2 protein chains.
Amino acid sequence: MSQTGFTIWFTGLSGAGKSTISSVLERKFHERGLKFEILDGDVVRTHLSKGLGFSKEDRDTNIRRIGWVCEVLTRNDVIAIAAAISPYRDIRDEARARIGRFVEVYVQCPIDVLAERDVKGLYKKALAGELKNFTGVSDPYEAPLNPEVVCYTDRETPEASATRILNFLEAGGWLHPLNGRGVSEPQAVAQS
Amino acid sequence: MSQTGFTIWFTGLSGAGKSTISSVLERKFHERGLKFEILDGDVVRTHLSKGLGFSKEDRDTNIRRIGWVCEVLTRNDVIAIAAAISPYRDIRDEARARIGRFVEVYVQCPIDVLAERDVKGLYKKALAGELKNFTGVSDPYEAPLNPEVVCYTDRETPEASATRILNFLEAGGWLHPLNGRGVSEPQAVAQS
């Protein structure tokens, strides 16, 4: 079955669950035999944006590069999954306008929950004023106004978030629903 | 018919004909309904490498970024066409090793012919010592040792070069040969 490309654009604070939900999607997409590519913030900083910092200008450049790769993949019928903080609304909207087939997923989690989890120990430092340009604490985060999907990662599992994204994609015709297995059984020959 | 990804990696001096041959390939690939993407040196410098210069280090970074995008496209069954000078052998070989399915095309043209054509007026300046880091004049160019295809653009048309590349791709099983049209005609019903 032929596949049409589109971009799933995750946005959200550090530690909110963008990469974790991407990993669950990765498994589900893999099971369906889909062609997709995850552009994780860290991966991209290694391959495309080494040397860039975290000023507004450098962040914008980084996100524009991710957007360009998503655009190239999307027009070649690959599903691109961007999973970077992407804090600025205007740059996300620019990516949406360029790419066209664009599903914005807001990975939402209250900052006090993130500070409590603090997987990388960054929130503690940022809240103590030791980290400049830390999104949500010492740097702005502009939440999407009309995201296609919102994941509430303080109240739902990554599996549940990924399932809701899949449901959205199937409902909107972005993905073909899986054929149910064992649902449509061959009709028994009538015995008389 | 399903398509397998690979990378066509053009290398050669400025003005040798990399972009011109790519454009001919573009038309031929388009006619065949193939999925492909041309990563032209100038396009990439706009989208991926703004701010990088022409030192060995910056050139290497630029080529590595092109290589990474080619790798991502190739593994998603898209044909990637890189058309940048890519003067250093080690970085091209690094791209080959990472990408795997890699066809190196050396676009060869003697420098005196290039200086005579001098489409962009750059050779004159470089030969007069006015351009630093100009490949082939004031900066090194390391020709490939075992390229899959060599195009001799001082002696063949871009159409001829592109046809030889296509022939190589078909011969090596990278591309399916086009079905000849009108060759296999329906058998006439025998009249008696």
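Under 8 Å for C-alpha pairs, at least 6 residues apart: give me the relative contact order for segment B:63-184, rounded to a whole percent.
Details: 93 pairs, mean separation 28.7, N = 122.
So the answer I get is 24 percent.
The angle between the Cα long axis of helix B:56-75 and the main principal axis of chain B comes to about 20°, on a 0 to 90 degree scale. Rounded to a whole number of µm²/s, how large is the Stokes-Einstein D of chain B at 20 °C and 1.002 mPa s, given Rh as the Kirkwood radius over C-alpha pairs? Roughly 120 µm²/s, to the nearest whole number.
Separation of segment A:129-163 and segment A:4-35, taken as the distance between their Cα centroids, equals 15 angstrom. So what does the Cα-only Debye profile of the protein assembly as shown read at q = 0.10 Å⁻¹, as log10 I(q)/I(0), no solvent term? At q = 0.10 Å⁻¹ the computed log10 ratios are -0.77.
Residues B:Arg89, A:Arg92, ranked from the fewest to the most other C-beta atoms within 10 Å, line up as B:Arg89, A:Arg92. Once every Cα of segment A:111-153 carries one equal point scatterer and solvent is ignored, give the base-10 log of I(q)/I(0) from the Debye formula at q = 0.28, 0.31, 0.33 Å⁻¹, two decimals. So the normalised log intensities are -1.00, -1.09, -1.15. Mean-square fluctuations from a GNM of chain B, with a 10 angstrom spring cutoff on Cα atoms, peak among B:Arg96, B:Arg27, B:Arg164 at B:Arg27.
Shielding of B:35-43 by partners, i.e. mean partner chain Cβ atoms within 10 Å per residue?
1
Rounded to whole numbers, the Karplus 3J(HN,Hα) couplings from phi for segment A:22-27 are 4, 5, 5, 4, 3, 4 Hz, using 6.51 cos²θ - 1.76 cosθ + 1.60 with θ = phi - 60°, and x at Gly and Pro. Okay, helix-only estimate at 222 nm for chain A: each DSSP H run of n ≥ 4 adds -39500 (n - 2.57), divide by all residues, round to 500 deg cm²/dmol; what do you get? So the helix-based figure for chain A works out to -12500 deg cm²/dmol.
Look at B:Tyr123, B:Tyr88 and count the other Cβ atoms within 10 Å of each Cβ; fewest to most, that gives B:Tyr88, B:Tyr123.
Among the residues of B:47-54, the average count of other protein chain beta-carbon atoms within 10 Å of the residue beta-carbon is 3.
Axis of helix B:158-171 versus longest Cα principal axis of chain B: the two differ by about 60°, to the nearest ten degrees. Quick one: how many lysine pairs does segment B:1-154 have with C-alpha atoms less than 24 Å apart and a gap of 8 or more or different chains? Give me the count, please. Total qualifying Lys-Lys pairs in segment B:1-154 comes to 17.
Counting Lys and Arg as +1 and Asp and Glu as -1 over every other residue whose Cβ lies under 12 Å from the Cβ of B:Ser55, the net charge comes to -1.
Where is the GNM fluctuation largest for chain A (alpha-carbon springs, 10 angstrom cutoff): A:Gly173, A:Gly41, A:Gly67? The residue that fluctuates most here is A:Gly173. Quick one: among A:Ser14, A:Ser23, A:Ser55, which has the greatest mean-square fluctuation in a GNM of chain A with alpha-carbon springs under 10 angstrom? With Cα springs under 10 Å in chain A, the top fluctuation among A:Ser14, A:Ser23, A:Ser55 is at A:Ser55.
Just rank B:Glu130, B:Glu94, fewest to most, by other beta-carbon atoms within 10 angstrom. Walk me through the intermediate numbers first.
Details: B:Glu130 11, B:Glu94 15.
With the fewest neighbours first, B:Glu130, B:Glu94 line up as B:Glu130, B:Glu94.
A short reminder: the numbers here are calculations on the coordinates, not readings from a lab. Every value quoted in this text rests on a predicted model; they were computed, and no experiment measured them. All Cβ positions, even for glycine, are placed from backbone atoms using ideal geometry, and neighbour counts span all protein chains on display.
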